[in-house]
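To keep things clear, I will list the structure first and then write my remarks on it.
Any read-out appearing in this document is the output of simple, stated calculations on the displayed coordinates, not a laboratory observation. Values in this document were obtained by computation on a predicted structure and should not be read as measured data. Please note: Cβ atoms are built from the backbone with ideal geometry, for glycine as well, and neighbour counts cover all protein chains shown.
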Amino acid sequence: MLPSENPTRRGVAWLVLVRVPELVLALLLAVLVVFLTLAVVGRYVFDIGIAWSDELARLLFVWIVFLGFAVAIRHRGNIGVELLVDRLSRRSRRRIMLLQDTAILAFAVVFTWQAAVTLRFSFMQRLPTLEVTIAWLYAAVLVAGVMMIVYSAANLRDTLRARSPTPHGDAAGEDAIRRSE
């Protein structure tokens with residue numbers, strides 16, 4: 001748990017907002033693994049193919065990827081060059097983090113806006129074998145976009161308040177910054 005995710009500081013609602021997507025991800029991944037295992041065994045052992053298995057696997061995979069992307073933003077799991085950033089002074093490091101958090105928030109806003117536009121048009125198409133609207137796929141993008149806005153705004157707020165954890169989710173980075181002064 002990130003230091004800024006202390007339930008007494010932010011409330012239980014924030015803890016739920018952070019932990020529920022992680023639990024949903026774990027559940028979706030477990031369902032995908034079990035489902036694909038059964039589909040492969042059915043196809044190659046019993047020679048029984050499930051017509052809708054590819055579409056369901058794709059649907060689950062898309063949700064896992066986009067929810068995982070949003071959760072990674074909360075945990076600051078985005079790609080960074082720590083070797084260079086760790087050599088900077090505390091002030092420069094904070095500026096880089098502010099720039100990074102602002103850029104991610106701006107990206108999340110544009111991403112969400114475009115996801116909403118795309119979702120609006122996706123109701124016209126259907127997945128052929130599952131016979132559901134393709135909007136179920138694009139809804140993952142919109143949900144992830146909203147989560148990315150919330151998480152990146154929280155990260156920016158934490159950076160502004162100098163409560164920024166390291167990308168690995170611990171407070172060791174702040175201790176290292178204090179020692180390097």
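Once you order the gyration tensor axes a ≥ b ≥ c over the Cα atoms, which shape class does region 76-143 get: rounded for a/c under 1.5, otherwise prolate or oblate by comparing a/b with b/c?
It comes out prolate by the Cα gyration axes.
Please list, in order along region 141-151, the HN-Hα scalar couplings obtained from phi with the Karplus expression 6.51 cos²θ - 1.76 cosθ + 1.60 (θ = phi - 60°), rounded to whole Hz, x for Gly and Pro.
5, 5, 4, 4, x, 5, 4, 5, 4, 4, 5
In what order do 19, 161 fall by count of nearby beta-carbon atoms within 10 Å, going from fewest to most?
Ranking 19, 161 by Cβ neighbours within 10 Å, fewest first, gives 161, 19.
Residues in region 54-69 near a label at residue 126, defined as backbone nitrogen under 20 Å from the 7 Å Cα→Cβ point?
Correct set: 54-60.
If amide hydrogens are placed 1.01 Å from N in the peptide plane, which non-local residues have theirs closer than 5 Å to the one on residue 126?
Result for residue 126 returns 134.
By count of other Cβ within 10 Å, fewest leading, how are 63, 136 ordered?
The fewest-first ordering by Cβ neighbours comes to 136, 63.
What list do you get for 150, 132 if you sort them by fewest beta carbons within 10 Å?
With the fewest neighbours first, 150, 132 line up as 132, 150.
I need the phi-derived Karplus couplings for region 33-43: 6.51 cos²θ - 1.76 cosθ + 1.60, θ = phi - 60°, integer Hz, Gly and Pro marked x.
Coupling constants for region 33-43: 5, 5, 4, 5, 4, 5, 5, 5, 4, x, 6 Hz.
At 7 Å along the Cα-to-beta-carbon direction for both residue 46 and residue 109, put a label point, then send me their distance in nm to one decimal.
Here the answer is 5.3 nm between the modelled labels.
What FRET efficiency do you get for residue 20 and residue 86 if R0 is 25 Å and r is their Cβ-Cβ distance, rounded to the nearest 0.05?
Calculated value: 0.15.
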